[in-house]
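The values are calculated or read from the model by the stated rules, or taken from the named source; none is laboratory data. Note that the structure is predicted; figures quoted are calculated from it, not measured. Note: ideal-geometry Cβ built from the backbone for every residue, glycine included; neighbour counts use all protein chains shown.
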Amino acid sequence: MFKRSSLWRGLTLVFSLLLAISLMAGSILETYRTSVDAFFNTRSQLTVTEVDETGEAWSYVSKFKTAKEAFEGLKEFAIRESQETVALLKNDGNALPLSKDAKITMLGVRSYAPVYGSSGGSITDGNATVQIFDCFTERGFQLNPSVQAAYAKYFADKTWTKPRFGGGIKQLAAVGPNGEIIMDYSIHDAIEAGFDKIVFIIRHDIEEAFKEAIGNRIEKTCADLGIEIAYAFQEKDAIPAGYEVPAERSKPWGTGQAVLACKNVIKEPFAVINADDYYGKEAFVQIHNFLQGYTPDKPNALSMAGFVLKNTLSDNGAVTRGVCQMNAEGYLTDVVETSGIEKTADGAAVEGKAIDPESLVSMNFWGLTPEFVKVLEDGFVEFFEKSVPANPLKAEYLLPIYIGELLEKNAVTVQVLPTHDKWFGVTYKEDKQTVIDSFAKLVADGVYQKNLFSDLKH
């Protein structure tokens with residue numbers, strides 16, 4: 001929606017050039033540091049042995065008194081290290097390479113909160129790094145989510161375990177006082193609003209592990225409340241007849257396919273949400289009340305929760321939001337994907353240009369009809385005809401994009417239901433603590449009970 005001016009493109013070029021010069025000069029000086037020191041009679045190195053203000057020493061003090069002691073110590077360490085790793089090298093029982101359907105349990109704090117670095121020892125931005133969990137799952141391995149959940153709960157209040165950049169499975173991150181994840185609060189609010197069935201969309205290969213980590217606990221809670229639980233399975237191989245999965249395709253086909261996976265368990269109007277977003281109570285009430293008015297003669301009457309832009313911004317950086325365009329009756333006409341939205345003292349702005357902080361935005365909370373699933377199925381065929389050939393490895397059948405296409409054809413109507421609750425999500429690593437603090441305040445204010453589901457008991 002917003003484009004950079006030529007002025008900013010020029011500045012970017014200048015800054016890049018200055019950086020390149022700086023890097024070259026630094027590299028030259030470091031390489032020839034000794035010669036430069038000799039020529040100018042300067043000193044470019046300084047060994048610091050004092051303890052700094054944090055109480056940490058800058059220098060390493062060896063426990064060895066002589067070179068012989070150091071040699072023997074390093075030899076002992078090398079032997080011990082080789083003994084601990086030789087099992088992998090021997091590959092007893094043909095354990096390597098791992099079979100494609102292997103079940104893996106990752107142990108250790110840094111399996112939960114990895115620290116990314118380069119060969120030079122510098123810290124790498126984990127948000128720009130392929131996450132270790134994604135690497136395994138995209139290749140078909142089954143990770144043990146119960147261990148991840150256990151780490152998330154146990155280390156929730158221990159800052160030293162938190163990765164500096166990236167890391168962790170945010171859907172399983174503990175944010176509540178008793179280790180609750182965001183999904184727990186969404187389930188609570190849905191039940192409170194009147195929903196009586198919950199469907200988890202997962203991959204079939206992680207069903208057992210998912211139930212162990214999350215599902216079994218929620219199933220027991222819902223059974224006590226008379227709430228039905230169902231599972232739908234999203235697989236990359238579940239594609240229209242007559243088509244093939246492109247070679248090297250490693251992941252399923254997006255949120256549209258995820259909803260399509262529910263076609264055998266959904267016979268009634270339903271809502272769709274993200275598992276790792278907190279929407280607040282009002283949105284569930286609004287969508288529920290809308291769906292209560294469903295009649296089969298209006299199969300294409302859809303709805304969407306519209307969040308106030310200012311209630312969805314991050315204090316830690318720019319975000320991308322789908323800004324809603326509506327007619328006078330409050331029906332959606334378009335969603336303008338707008339990137340680079342920053343929180344300001346006056347509200348919000350994109351590259352210095354003010355944007356209305358009261359604008360309604362889409363946060364992927366939809367109210368849909370059972371007939372829409374068939375429409376979604378037809379759209380999936382069209383997706384394979386047009387989009388997959390152009391980008392076979394990364395093309396995604398996204399629910400909001402497809403609904404937008406239907407709006408352009410006047411094939412559906414989408415009523416925007418304003419909600420004024422604050423949306424929580426983990427866009428940036430720094431957002432997690434804000435989310436934890438926000439839930440703590442909601443509990444302190446009595447919005448939720450410390451024992452989350454206790455107020456829903458019959």
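Tabulated values for the structure
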| quantity | calculated |
| --- | --- |
| Candidates Ala238, Ala223, Ala232 - the one that is out of contact with any Leu (no Cβ under 6 Å at 6 or more places or on another chain) and either in a strand (DSSP E or B) or buried (at least 16 other Cβ atoms within 10 Å of the Cβ) (or both) | Ala232 |
| Members of the stretch 449-458 that are outside any helix (DSSP H, G or I) and touching a Gly at 6+ places or on another chain (Cβ under 8 Å) | His458 |
| Residue in the stretch 235-254 that is assigned by TED's automatic domain parsing to the domain that holds Glu342, of a type outside the set (Lys, Arg) and farther than 28 Å from Asn391 by Cα present | no |
| Test for Ala174: is it among the small types (Gly, Ala, Ser), at pLDDT 70 or above and over 29 Å from Glu248 (Cα atoms) | yes |
| Residue count, the stretch 72-115 (criterion: at pLDDT 80 or above and either touching a Lys or Arg at 6+ places or on another chain (Cβ under 7 Å) or among the aromatic types (Phe, Trp, Tyr) (or both)) | 1 |
| Where a residue in the stretch 364-376 is in a helix (DSSP H, G or I) and its partner, wherever it lies, is polar (S, T, N, Q), with Cβ under 8 Å and at least six apart | Phe372/Asn300; Val375/Asn300 |
| Among (1) small (Gly, Ala, Ser); (2) surrounded by 15 or more Cβ atoms within 10 Å (Cβ to Cβ); (3) within 20 Å of Ile239 (Cα to Cα); (4) more than 24 Å from the chain's Cα centre (by Cα) - the single one Ala395 does not satisfy | (4) |
| Among the residues listed as Asp437, Asp421, the single one being part of a loop (DSSP other than H, G, I, E, B) and either assigned by TED's automatic domain parsing to the domain that holds Phe365 or in contact with a Leu (Cβ under 6 Å, 6 or more places away or on another chain) (or both) | Asp421 |
| Residues that are of a type in the set (Gly, Ala, Ser) and modelled with pLDDT under 90, drawn from the stretch 346-388 | Gly352 |
| Members of the stretch 426-449 that are among the small types (Gly, Ala, Ser) and touching a Lys or Arg at 6+ places or on another chain (Cβ under 9 Å) | Ser438 |
| Those residues of the stretch 241-273 which are at positive phi and surrounded by 16 or more Cβ atoms within 10 Å (Cβ to Cβ), in sequence order | Gly254 |
| Given (1) in contact with a strand residue (DSSP E or B) (Cβ under 7 Å, 6 or more places away or on another chain); (2) closer than 30 Å to Pro296 by Cα; (3) in contact (Cβ under 8 Å) with a residue 60 or more places away in the chain, index of the condition Glu351 fails | (2) |
| Output for the stretch 332-359, where each listed residue is on the phi > 0 side of the Ramachandran plot and part of a loop (DSSP other than H, G, I, E, B) | Glu351, Gly352 |
| Residue, farthest from Glu377 (Cα to Cα), within the stretch 210-234, restricted to residues that are of a type in the set (D, E, K, R) and at pLDDT 90 or above | Asp224 |
| Scan of the stretch 328-365 for residues that are aromatic (Phe, Trp, Tyr) and farther than 17 Å from Leu417 by Cα, ordered by number | none |
| Hits in the stretch 289-333 - residues which are within 24 Å of Pro370 (Cα to Cα) and among the hydroxyl-bearing types (Ser, Thr, Tyr) | Tyr294, Thr295, Ser303, Tyr331, Thr333 |
| The one condition in (1) surrounded by fewer than 18 Cβ atoms within 10 Å (Cβ to Cβ); (2) charged (D, E, K, R); (3) touching a residue at least 40 places away in the same chain (Cβ under 8 Å) that Glu180 fails to fulfil | (1) |
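Yes/no matrix, rows are residues, columns are (1) closer than 28 Å to Gln292 by Cα; (2) at pLDDT 95 or above:
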position: Leu417; (1), (2): yes, yes
position: Asp421; (1), (2): yes, no
position: Phe424; (1), (2): yes, no
position: Thr427; (1), (2): no, no
position: Glu430; (1), (2): no, no
position: Gln433; (1), (2): no, no
position: Ile436; (1), (2): no, no
position: Phe439; (1), (2): no, no
position: Gln449; (1), (2): yes, no
